[in-house]
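K.L.:
Below you will find the structure I want to go over with you.
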There are 4 protein chains.
Amino acid sequence: MSSIFGERLKISIFGESHGPAIGVVVDGLPSGIKLDFDKIETEMARRRAKSRAYSTKRHEKDEVEILSGLYEGFTTGTPLCAIIRNQDTRSADYSEMERLLRPGHADYSGYVRYKGFNDIRGSGHFSGRLTAPLVFAGAIAAQILEFHQIYIGSHIASIYDMKDVCFDRTNITKEQLFALKEMELPVIDQSCIEAYLEVIEDARKNQDSVGGIIETAIIGLPAGIGSPLFDNVEAKLSQALFSVPAVKGVEFGEGFNITTMYGSQANDRFYTDGSRILTRTNNNGGINGGITNGMPITLRVAIKPTSSISREQETVDIKSYENTTIKVRGRHDACIVPRAVPVIEAACAVAILDLIIGQFGLETLSEGEL
Amino acid sequence: MSSIFGERLKISIFGESHGPAIGVVVDGLPSGIKLDFDKIETEMARRRAKSRAYSTKRHEKDEVEILSGLYEGFTTGTPLCAIIRNQDTRSADYSEMERLLRPGHADYSGYVRYKGFNDIRGSGHFSGRLTAPLVFAGAIAAQILEFHQIYIGSHIASIYDMKDVCFDRTNITKEQLFALKEMELPVIDQSCIEAYLEVIEDARKNQDSVGGIIETAIIGLPAGIGSPLFDNVEAKLSQALFSVPAVKGVEFGEGFNITTMYGSQANDRFYTDGSRILTRTNNNGGINGGITNGMPITLRVAIKPTSSISREQETVDIKSYENTTIKVRGRHDACIVPRAVPVIEAACAVAILDLIIGQFGLETLSEGEL
Amino acid sequence: MSSIFGERLKISIFGESHGPAIGVVVDGLPSGIKLDFDKIETEMARRRAKSRAYSTKRHEKDEVEILSGLYEGFTTGTPLCAIIRNQDTRSADYSEMERLLRPGHADYSGYVRYKGFNDIRGSGHFSGRLTAPLVFAGAIAAQILEFHQIYIGSHIASIYDMKDVCFDRTNITKEQLFALKEMELPVIDQSCIEAYLEVIEDARKNQDSVGGIIETAIIGLPAGIGSPLFDNVEAKLSQALFSVPAVKGVEFGEGFNITTMYGSQANDRFYTDGSRILTRTNNNGGINGGITNGMPITLRVAIKPTSSISREQETVDIKSYENTTIKVRGRHDACIVPRAVPVIEAACAVAILDLIIGQFGLETLSEGEL
Amino acid sequence: MSSIFGERLKISIFGESHGPAIGVVVDGLPSGIKLDFDKIETEMARRRAKSRAYSTKRHEKDEVEILSGLYEGFTTGTPLCAIIRNQDTRSADYSEMERLLRPGHADYSGYVRYKGFNDIRGSGHFSGRLTAPLVFAGAIAAQILEFHQIYIGSHIASIYDMKDVCFDRTNITKEQLFALKEMELPVIDQSCIEAYLEVIEDARKNQDSVGGIIETAIIGLPAGIGSPLFDNVEAKLSQALFSVPAVKGVEFGEGFNITTMYGSQANDRFYTDGSRILTRTNNNGGINGGITNGMPITLRVAIKPTSSISREQETVDIKSYENTTIKVRGRHDACIVPRAVPVIEAACAVAILDLIIGQFGLETLSEGEL
């Protein structure tokens, strides 16, 4: 019953959307890491509400206050706690929520789980806002990974029925991933930006919402990371990824599509350039038997359409147990996918760093290349 | 670096395909559970090689010896260790494996991870054979769940490009799930059995292999099981499911398909029949915010085509670092999907029982309905 | 490498003595617990510096701010984060610490562990001040335990060479434990208060310090709590107790003294009063085979003399690697034992509640007697 | 509710005294360790019943069969399972146990914990016999530690009221520890062997038993191992040590005795010989703030007198709830302390190796000095 992730690098996330603050304790960091706050702020900004059509009008400043674990700009190696005060909350918007269950949300399941005692304002602990501390923790993890030449980046593979091309899974560069991070709608084929904006705008006009798929790549990981069975890289990453609200599917490499291939196509044939062992294709997304094979890890994550929509929807009054309808008020993103990108990357970063610390140890991590 | 799963019910799997034995320690069981060995044997038999076209000729007897944790037929509450001796192994078949990396397998990633010290005969600890102890543990977990009216069942949703219909996700009965368990190729639409057998036979003839998708349902779970963030039901189940070899994707409810719906379609509207709260659709697969909502949990798992194929494939000689080719000898399943069904169900059973013990406690579990 | 305790109830403590704040995340609490802040403040006050001879002059207000997990006075069941801002710090006092290792402190071991990056002001994360969030968490745990008629209390069994009498281990009442909580120097034999104050005052005058032994009792626990081997009650409690700074020994019941008894004396003979099974003696401190037997749990904890003393002591300059001397400046307690009492009780409370949640489940905990 | 120890190196112990077998799964070992079976057998032999006055006549062969994780003599890095078949059991001896609770044993607490379903023959899972797999796991851990120049050894500090001298805690050599391992009754002052044998023989003649104290030293650990708070070296070691049956107290360095020292005596003053930092005394047993300081770790463990004695003792019939008496039949050790020595060392070895793997990582461990 835990909001803690990780075996060696432990991420403990707390807070409710309309409580005093949200935050995270990052336990198990190496000491002596100089945190780059500009990079952290860049990641936080990517997650924040944007001024475009698809995003809520709520302006969260997300000012992070670090309470511990940092001294003169360097990590101390002791637990790092960071909090973000909640501001700009309009509790009045959520008054109906005490009675009417919002379809697609955790209103009912949370009500039963917490026996009606959870703070439901703004979805409370279930709020997408809780991804802010995850992005903060992920940004720290990503810095440490980058120090070891491990990079994580993503593009939006689809929104509603519009699709981007896939990563060339055998050839993903650091430069490509960095370029994607610069884009407000990160895509490989630039022409789909317009298509994406259009389906989002259509949904918004119809008081409706759309979801999409994010494809993420992790490059620079050496072969041999992970373990078979329960501590494998796919299991670890999927645990982190399914912890992000709105995620309904996770697949690696070709994923579900691999089931429509023959073995002779699906198998990634090995070859060597003399010094390294590589694969001709990368349908397995860089992972064989739960362990990295040195090729890029690629994974795809399904983000469902935003649950909060202004349209009238059938529901139940939990107090009177009567059927009724609800129009969810407040400010909603017509499409959460762009803001989910840095969250998915953060989940990957903490999972990968946890695996690496487990295998290489804290001490090794400050000494450059793995 | 662990082959242990679970927080309260801990499953520790050990063994190599051609070592003396494989097995499992199940730690954290309630005491006083009378094990039904016929049911356990039924599950073990479902996983074993079948005499049909799609399956290997290797006949494993899978005779389970229980070493601890059972006294006069009842669980003692102390760790239950069960082992299965390895028999009918033809080590000669695997002699080439020391040099030639089999595409699709963990030969290379495992070689790096274990620095060449792992037992590679029959894939060693990576062998699909290691799913036998998981099925054993799952069969015990399923018995305890069934005592609490929680049932797990599956159908093969697709093989290669042939598809079954989906579960009616709002209406899945115990009887339907039991009927599926009786079928060698469990499907909802009987007409697809012939199609499935055909694509498998085609692959076999071509010295090739095919994969598919398994859709699993878990019914009878009360609302309110699980937690937001990292201990949520989807995260827990996916961690167990990705631990099964050959799984490359996991999705809940409509999964990836939900990204092509509008929010107004994707949201499962609540209604009440006066006593219970239900949803009109079940696109979210019975889970909102990581917590069960009382509707059936449904999930889909992508099983890649069997990696071992007799066809010649490009590869590398790990000793000489030279490019070469390999024909994987030995007995292979042209399609592993039917045998994977009880394994997927077992992974679900141990994950769900772990969650339930965490929430309701060991003591409650012997007292009937949750 | 973790400042997290517990399997089901997870306590994550963070902060440095002179950083912005210290605090704790309590994860896994049942929902719907009405927190009694007067009781919490009473425990916090017991830990704080007292105005008596034996205690530091530093006045910490310890104002707790709850950031999450509490709504309208009740626990929500989601992670509860509480922070205490650091005030009244005189960093100037600690300037020498960057070079000179204080004997008895973690200055050297911490320097190596964190490669010189830890915040050493006021001992940083090693500070006794970090016990404040533990006491806070313990006070919440104790409230839940008391709701189930489980009570924890202590007396100071010795200071330096002065000794109190022991608990009558077969007969400890709630009233006795509550009375001890009211005493500034909790003792059974009132006559030893004067002796205790005298040895403390002697030490203070000599710019020296003294330690002592705390004996703690936990009553009301039913028989059958715990497990053999690694999850046993003694292992769990000792892990929590040794996490309190200055603890150098933990023993249960007669502890080390039981090694000077014959088996026939040491064995606690069973008898029944017709309804319950009891023991004539309680040399095993209520625990057999790692599991409670229904008798009071009693344990004793050795608290070493305060490491900070004003006397000149031999040491090393860590920068120049030269032998030198140090006089530790600042405000020190001549005896930390009285302030350690609520900390020891808090450590017991979180350990016991963790065990109980594991065994009885979260759901059971809100329904009264176990 | 777990018989699993460790965060990175996980030791899962299973079995009952009179079931088919006992055993252990050691998960998280580095690959490529050549196991020295002579050394393992030496440790197993130290734990086994000896032919002297103080020991039971039961002759257990303790033949270890390794089922997994070992290939051609080297660890594979995958879970290593070892089992020991139970032989030479005379179940008839234990028939009374179903009704009569043996004082000092877990008969009552285990009965409640497992609701009467646990296998009580020979104490079942509570049997001291379960320490055999722990010694096996410890012997493997010790080999890896020795490869890194970390050595563990012990002497019997006392039996009943007879005492050995203490370790010179600032100066303990590998040679001294190896010499102690050669002795059937390991002591520093040889003259106390006679005294020990005498008090044991006295107890045996009186159908009684005695306990004692074991002092263990761990040398060669670098400074900087461990963490403050819950993951500290003392907490970790004590968790492992209290998991050994019959342990009722654990203390480090001067332990409880440190409470009778002044701070100026208790503090271990630092000095440098130019290259290393050392302490003049070692009252803190090599640990400051939960972290090693490079001096020898020393700890003392209280072993209670053997609970099984032939004398008549008061007890209760658990079936009829009537007061009665019991004479425990069977073969008992009049003093278990000598056989407990390798068990205590094994518990230390697994705890220390777990800490080291956590901090230095699996990969580093095969590369010599830490």
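Each value in this text was obtained by applying a stated rule to the coordinates, not by laboratory testing. Please read all numbers here as calculations on a predicted model, not as lab measurements. A quick note on method: Cβ atoms are made from the backbone with ideal geometry, for glycine too, and the neighbour counts reach across all protein chains shown.
K.L.:
Remind me, relative contact order of the stretch C:294-370 in percent, using alpha carbon pairs under 8 angstrom and six or more residues apart?
P.N.:
Values: 46 pairs, mean separation 16.9, N = 77.
Relative CO of the stretch C:294-370 lands at 22 percent.
K.L.:
Something else now. Hey, can you rank C:316-323, A:99-106 by average C-beta count inside 10 Å, highest first?
P.N.:
On the way: C:316-323: 15.2, A:99-106: 24.0.
Listed from highest to lowest mean packing, they are A:99-106, C:316-323.
K.L.:
Averaging over every viewing direction, what projected area does the convex hull of the Cα atoms of the stretch A:254-334 cover, in nm²?
P.N.:
Details: hull surface 41.0 nm².
Mean orientational projected area (the stretch A:254-334, Cα hull): 10.3 nm².
K.L.:
Continuing with this model, one more query. From the cross-link list C:Lys236/D:Lys181; D:Lys181/D:Lys236; A:Lys248/B:Lys115, which pairs have alpha carbons spaced over 26 Å apart?
P.N.:
C:Lys236/D:Lys181; A:Lys248/B:Lys115
K.L.:
Can you work out ³J(HN,Hα) from phi for every residue in the stretch B:160-173, in order, using Karplus 6.51 cos²θ - 1.76 cosθ + 1.60 and θ = phi - 60°, giving whole Hz and x for Gly and Pro?
P.N.:
Karplus-based 3J(HN,Hα) across the stretch B:160-173 equals 6, 9, 9, 10, 8, 6, 7, 4, 6, 5, 9, 8, 10, 10 Hz.
K.L.:
So, one more: Using Cα atoms only, what is the angle between the long axis of helix C:131-147 and the major principal axis of chain C, expressed in degrees (0 to 90) to the nearest 10?
P.N.:
10 degrees
K.L.:
Follow-up. With n ≥ 4 as the cut-off for DSSP H runs, can you work out [θ] at 222 nm for chain B, using -39500 (n - 2.57) per run divided by the number of residues, rounded to the nearest 500?
P.N.:
Values: 8 runs with 99 residues, N = 370.
The per-residue figure over chain B is -8500 deg cm²/dmol.
K.L.:
By its C-alpha gyration tensor, with a ≥ b ≥ c as the square roots of the eigenvalues, how is the protein assembly as shown shaped: rounded for a/c under 1.5, else prolate for a/b larger than b/c, else oblate? List each step's numbers first, then the result.
P.N.:
Values: a/c = 1.55, a/b = 1.31, b/c = 1.18.
Here the protein assembly as shown falls in the prolate category.
K.L.:
Follow-up. What list of ³J(HN,Hα) values in whole Hz, one per residue of the stretch C:174-189 in order, does the Karplus curve 6.51 cos²θ - 1.76 cosθ + 1.60 (θ = phi - 60°) give from phi, with Gly and Pro shown as x?
P.N.:
Residue by residue, the stretch C:174-189 yields 4, 5, 4, 5, 5, 4, 4, 5, 6, 8, 5, 10, x, 9, 8, 8 Hz.
K.L.:
Let me ask something else about it. Please give the helix B:337-364 orientation as an angle from the longest Cα principal axis of chain B, in degrees from 0 to 90, rounded to the nearest 10.
P.N.:
Roughly 50 degrees between the two axes.
K.L.:
Let me ask something else about it. What is the average number of partner chain Cβ atoms found within 10 Å of a Cβ in D:219-225?
P.N.:
On the way: counts 0, 0, 0, 1, 6, 9, 3.
Across the residues of D:219-225, the mean count of other-chain Cβ atoms within 10 Å is 3.
K.L.:
Please report, for D:Glu198, the nm distances (one decimal) from its label point, 7 Å out from Cα along the beta-carbon direction, to the equivalent points in the remaining copies, shortest first.
P.N.:
Ordered by increasing distance: 3.9, 9.4, 10.2 nm.
K.L.:
On to the next question. Return the average number of partner chain Cβ atoms within 10 angstrom of each residue Cβ along peptide A:318-326.
P.N.:
On the way: counts 3, 0, 1, 6, 2, 6, 3, 1, 2.
For this peptide, the per-residue mean of nearby foreign Cβ atoms is 3.
K.L.:
Still on this structure, please answer the following. Amide H neighbours of A:Ser310 under 5 Å, counting only residues 5+ apart in sequence or on other chains, H built in-plane at 1.01 Å?
P.N.:
none
K.L.:
If you don't mind, there's one more thing I want to ask. If neighbour count is taken as other Cβ atoms inside 10 Å, put A:Ile120, B:Ile172 in order from fewest to most. Before the final figure, lay out each step's value.
P.N.:
Numbers: A:Ile120 26, B:Ile172 22.
Final ranking by Cβ density, sparse to dense: B:Ile172, A:Ile120.
K.L.:
Okay, next question. For the stretch A:5-22 and the stretch A:186-232, what is the centre-to-centre distance using only Cα atoms, to the nearest Å?
P.N.:
Taking the Cα centre of the stretch A:186-232 as reference, the centre of the stretch A:5-22 is 24 Å away.
K.L.:
Once both labels are modelled 7 Å past Cα along the beta-carbon direction, what's the A:Ser320-D:Met183 spacing in nm?
P.N.:
8.5 nm
K.L.:
What FRET efficiency, computed as 1/(1 + (r/R0)^6) with R0 = 45 Å and r the Cβ-Cβ distance, is obtained for C:Glu96 and B:Tyr271, rounded to the nearest 0.05?
P.N.:
Values: r = 71 Å, r/R0 = 1.58.
Step by step, r from the Cβ atoms, then E = 0.05.
K.L.:
Considering every residue in C:26-39, what mean count of other chain Cβ atoms within 10 Å of its Cβ is obtained? Please list the in-between numbers first.
P.N.:
Working: counts 1, 11, 7, 1, 4, 7, 5, 1, 1, 0, 0, 0, 0, 0.
Average neighbour count from other chains, rounded to a whole number: 3.
K.L.:
In whole Å, how far is the Cα centre of the stretch B:238-306 from that of the stretch A:236-274?
P.N.:
Each part reduced to its Cα centre gives a spacing of 19 Å.
K.L.:
Let me ask you something else. Can you give the relative contact order of the stretch C:175-291 as a percent, counting alpha carbon pairs under 8 Å and 6+ residues apart? If you can, show how the numbers build up before the last one.
P.N.:
Numbers: 79 pairs, mean separation 27.3, N = 117.
With pairs under 8 Å counted, the relative contact order is 23 percent.
K.L.:
Per-residue HN-Hα couplings for the stretch C:314-319, Karplus 6.51 cos²θ - 1.76 cosθ + 1.60 at θ = phi - 60°, whole Hz, x for Gly and Pro?
P.N.:
For the stretch C:314-319, the Karplus-derived couplings read 5, 7, 10, 8, 5, 7 Hz, x marking Gly and Pro.
K.L.:
Calculate, in whole percent, how much of the Cα-Cα pair population of the stretch B:4-364 lies beyond 25 Å. Let's see the in-between values first.
P.N.:
Details: 35925 of 64980 pairs.
Of all Cα-Cα pairs in the stretch B:4-364, 55 percent lie more than 25 Å apart.
K.L.:
Using only Cα atoms, tell me the angle between helix D:37-47 and the longest principal axis of chain D; keep it within 0 to 90° and round to the nearest 10.
P.N.:
For helix D:37-47, the angle is close to 50 degrees.
K.L.:
For A:Tyr108, what charge total do you get from the other residues with a beta carbon under 14 Å from its beta carbon, if Lys and Arg give +1 and Asp and Glu give -1?
P.N.:
On the way: positive: A:Arg99, A:Arg102, A:Arg113, A:Lys115, A:Lys319, B:Arg269, B:Arg276, B:Arg280; negative: A:Glu98, A:Asp107, A:Glu314, A:Asp317, B:Asp268.
After counting each charged neighbour, the total is +3.
K.L.:
Distance check, please: which entries in A:Lys39/A:Lys205; C:Lys163/C:Lys205; A:Lys34/C:Lys10 exceed 31 angstrom between their Cα atoms? Walk me through the numbers on the way to the answer.
P.N.:
On the way: A:Lys39/A:Lys205 35 Å; C:Lys163/C:Lys205 21 Å; A:Lys34/C:Lys10 29 Å.
Beyond 31 Å between Cα atoms: A:Lys39/A:Lys205.
K.L.:
Pairs of Cα atoms under 8 Å, at least six residues apart: use those to get the relative contact order of chain C, whole percent. Each step should come with its number before you reach the end.
P.N.:
Values: 762 pairs, mean separation 86.0, N = 370.
Here the relative contact order equals 23 percent.
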